[in-house]
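Below is one structure, written out as structure tokens; comments come after it.
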Amino acid sequence: MVSYKGGPVTQIRHAWKCALKKAGITRHIRPYDLRHGFATEAIAAGADYGTVAALMGHKSPMMVLKHYQHVKNAQKVAVMEQMPHIVFRGDPVCPKTRFCMSK
């Protein structure tokens with residue numbers, strides 16, 4: 001049973017709103033958003049997917065990989081900066097499709 005202030009929580013919505021207000025959080029946040037945030041931050045900090053999945057109560061790390069990892073922009077930039085620089089010479093290449101635009 002979940003309790004708050006010594007009594008049972010019968011309506012999670014009311015308890016959640018009270019908790020947000022007490023924490024000084026004014027924007028709309030769902031309890032489910034915390035799960036997404038936890039998985040993202042744990043993975044960004046270097047935790048492996050299996051551990052994150054176990055902590056979240058999942059049987060398989062695939063659930064975390066499929067639904068909960070929201071890669072941060074800084075991580076995307078870091079990966080791209082590690083890629084070798086590719087210089088296209090000769091025929092122009094369409095930036096959207098990466099196919100050669102010559103006939």
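Scanning the range 2-40 for residues that are under 30 Å from VAL79 (Cα atoms), open to solvent by 100 Å² or more (accessible area, probe 1.4 Å) and among the basic types (Lys, Arg) yields a total of 0. If you filter the range 1-28 down to residues that are in a loop (DSSP other than H, G, I, E, B) and of a type in the set (Lys, Arg), you find that the one that is modelled with the lowest pLDDT is LYS5. Within the range 29-66, restricting attention to residues that are part of a helix (DSSP H, G or I) and of a type in the set (Asp, Glu), the residue that is farthest from ARG13 (Cα to Cα) is GLU41. One residue stands out in the range 41-61 among those that are over 23 Å from SER3 (Cα atoms) and out of contact with any helix residue (DSSP H, G or I) (no Cβ under 7 Å at 6 or more places or on another chain): the one that is least open to solvent (accessible area, probe 1.4 Å), namely ALA47. Only residues that are within 18 Å of the chain's Cα centre (by Cα) and not basic (Lys, Arg) were counted in the range 11-43, giving 14.
Taking first residues from the range 9-35 that are at negative phi and partners that are part of a loop (DSSP other than H, G, I, E, B) and not small (Gly, Ala, Ser), the Cβ contacts under 7 Å between residues at least 6 apart in sequence or on separate chains come to VAL9/VAL2; ALA15/VAL9; LEU20/ILE29.
Within the range 62-87, the set of residues being modelled with pLDDT of 85 or more and open to solvent by less than 50 Å² (accessible area, probe 1.4 Å) comprises just one member, VAL64.
The values are calculated or read from the model by the stated rules, or taken from the named source; none is laboratory data. Bear in mind that the values here come from a model prediction, so they are computed numbers and not experimental data. Don't worry about glycine lacking a Cβ; one is built from the backbone with ideal geometry, like all the others, and counts go over all protein chains shown. Note: accessible area is taken over every heavy atom of the protein model, side chains too, but ligands, DNA and RNA are not part of it. Shrake-Rupley method; radii C 1.70, N 1.55, O 1.52, S 1.80 Å.
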